[in-house]
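The structure appears right after this line, and notes come after that.
The values are calculated or read from the model by the stated rules, or taken from the named source; none is laboratory data. All figures in this text were calculated on a predicted structure; none of them were measured in a lab. Counting neighbours? That spans all protein chains shown, and the Cβs are built from the backbone with ideal geometry, glycine included. SASA here: full protein model, heavy atoms, side chains in, ligands and nucleic acids out. Shrake-Rupley method; radii C 1.70, N 1.55, O 1.52, S 1.80 Å.
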Amino acid sequence: MKKTYPNFIWLERTISNHSIFKKKPSVGISPRGSVLFDLAYHGICPVAIGRNPCMAYSFVKTAFTKKQYFSFMNKGIKKKLKLPKNYK
């Protein structure tokens, strides 16, 4: 995926959440979901890959298929994914 999406910022496991929030990305993707609450709190649109602890919340975009995942990625690249008004 890194070769397909070289413009993405790929994070090492050791990077802190604080460092992520300072970069102000338009979207954050997580396979496990532990950072999704924090992303939304900091105004970053969270995308989850499959089942996760925050999938019941409207501020998390959850992809259950490859098609949904790539749709969220493309919208994120184009800055078309938005948080709902009541996300906090």
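Data overview
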| item | result |
| --- | --- |
| Farthest positive-ward along the chain dipole, Cα basis, beta-carbon charges - from PRO6, THR62, PHE21 | PRO6 |
| Under 5 Å, built H, 5+ apart or other chain: amide partners of GLY28 | CYS45, VAL47 |
| Per residue accessible area of the chain, 1.4 Å probe, in Å² | 74 Å² |
| Accessible surface of the chain, 1.4 Å probe, proportion on carbon and sulfur as whole % | 54 percent |
| Length-normalised contact order of segment 23-88 in % [C-alpha pairs under 8 Å, at least 6 apart] | 30 percent |
| Mean residue ellipticity (222 nm) of the chain, computed from DSSP H runs ≥ 4 via -39,500 (n - 2.57), nearest 500 | -8000 deg cm²/dmol |
| Burial order of peptide ranges 52-63, 36-47, 70-81, 4-15 (average beta-carbon count within 10 Å, highest first) | 36-47, 52-63, 70-81, 4-15 |
| Shape call, the chain: gyration tensor on alpha carbons, a/c limit 1.5 | rounded |
